[in-house]
Amino acid sequence: MGIGLYSEGFDRLWILKFLEDLKITEEFGLRYVLWFGVINSGAMVLSIAVLSFLKRLSSRNSSKLLLSYLVILNTILAVAFIGFALSGNFPLALAFYWAGFVARRNDYPLYASFINRQIEVSGVRATVISVARQFDSLGQIIGGPIIGLIALSSTTLALGVTGLLVFPVVLLYIWLLRRESRPDRTGK
């Protein structure tokens, strides 16, 4: 649910940040539709490049490695969202947006790979993934309106809160990584 808490608010507010706070329509005389095409095209190219890199690295059958990548990606995501929220100029905001976009797009494939390696029975695996997606949706239903209410007073604050909402996910992955690193994983 932690992932869903941040995502709905960020998805609704990042465009507002570029339009109102950063005034991108005044940069280089491009219309906003062209700007968003350029922004999202650049983000997709970067995301594909990073995903192909991570795919090669994560092909090793190691849960610890996947958890390490998940910690890194979610930390980048949190910092990128907070940096984006606080950015006052277009190039810096664009860099933070792209970093967050890439981390976010590459997070789920690694998460799904980690889950698939943990659960050996396919019927149970499908149920676990389904329940996780339902919690994500519930988080969006709960988090979106809360972030929206915060945005009524400040878009910057609301976007910053979305970044803060990612940190519990980072802490969960760190806990799982430490648990995975223990010699006796049974918890005794």
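The values are calculated or read from the model by the stated rules, or taken from the named source; none is laboratory data. Computed from a prediction, not measured in an experiment: that's the story for all the values here. Ideal geometry is used to build each Cβ from the backbone, glycine not excepted, and the neighbour counts take in all protein chains shown.
Does region 153-177 hold any residues that are buried (at least 17 other Cβ atoms within 10 Å of the Cβ) and either touching a His at 6+ places or on another chain (Cβ under 9 Å) or farther than 17 Å from Val71 by Cβ (or both), and which are they? It would help to see each step written out before you state the result.
Of all residues in region 153-177, those buried (at least 17 other Cβ atoms within 10 Å of the Cβ) come to 155-156, 158-163, 165-167, 169-170, 173, 176-177.
Matches in region 153-177: Thr155, Thr156, Ala158, Leu159, Gly160, Val161, Thr162.
May I ask you to list the residues in region 78-95 that are out of contact with any Ser or Thr (no Cβ under 6 Å at 6 or more places or on another chain) and either within 12 Å of Tyr6 (Cβ to Cβ) or assigned to a helix (DSSP H, G or I) (or both)?
Ala78, Val79, Ala80, Ile82, Gly83, Phe84, Leu86, Phe90, Pro91, Leu92, Leu94, Ala95 - these are the residues of region 78-95 that are out of contact with any Ser or Thr (no Cβ under 6 Å at 6 or more places or on another chain) and either within 12 Å of Tyr6 (Cβ to Cβ) or assigned to a helix (DSSP H, G or I) (or both).
Being modelled with pLDDT under 90 and either farther than 21 Å from Asn40 by Cα or in contact with a helix residue (DSSP H, G or I) (Cβ under 8 Å, 6 or more places away or on another chain) (or both) narrows it down to one residue among Ser87, Ser122, Ser154; which is it? Explain how you work it out, then say what you get.
Details: Ser87 fails: modelled with pLDDT under 90; Ser154 fails: modelled with pLDDT under 90.
Just one listed residue meets the conditions, Ser122.
Would you please list the contacts, defined by Cβ atoms under 8 Å and residues six or more apart or on different chains, that run from a residue in region 15-42 that is assigned to a loop (DSSP other than H, G, I, E, B) and surrounded by 12 or more Cβ atoms within 10 Å (Cβ to Cβ) to a residue that is of a type in the set (Lys, Arg) and at pLDDT 85 or above?
Close Cβ pairs satisfying both conditions: none exist.
Across region 113-132, what is the total count of residues that are surrounded by 13 or more Cβ atoms within 10 Å (Cβ to Cβ) and of a type in the set (D, E, K, R)?
2
Can you tell which of Ser154, Ser137 is free of Cβ contacts under 8 Å to residues at least 12 places away in the same chain and small (Gly, Ala, Ser)?
Details: Ser137 fails: free of Cβ contacts under 8 Å to residues at least 12 places away in the same chain.
Just a single option satisfies the conditions, and that option is Ser154.
Going through region 25-55 one residue at a time, which ones are in contact with a helix residue (DSSP H, G or I) (Cβ under 8 Å, 6 or more places away or on another chain), modelled with pLDDT of 75 or more and under 14 Å from Phe90 (Cα atoms)?
Trp35, Phe36, Ile39
Would you confirm whether any residue within region 113-128 is closer than 30 Å to Ile15 by Cβ and either in a helix (DSSP H, G or I) or more than 14 Å from the chain's Cα centre (by Cα) (or both)? Break it down stepwise before answering.
Of all residues in region 113-128, those closer than 30 Å to Ile15 by Cβ come to none.
No, every residue in region 113-128 fails to be closer than 30 Å to Ile15 by Cβ and either in a helix (DSSP H, G or I) or more than 14 Å from the chain's Cα centre (by Cα) (or both).
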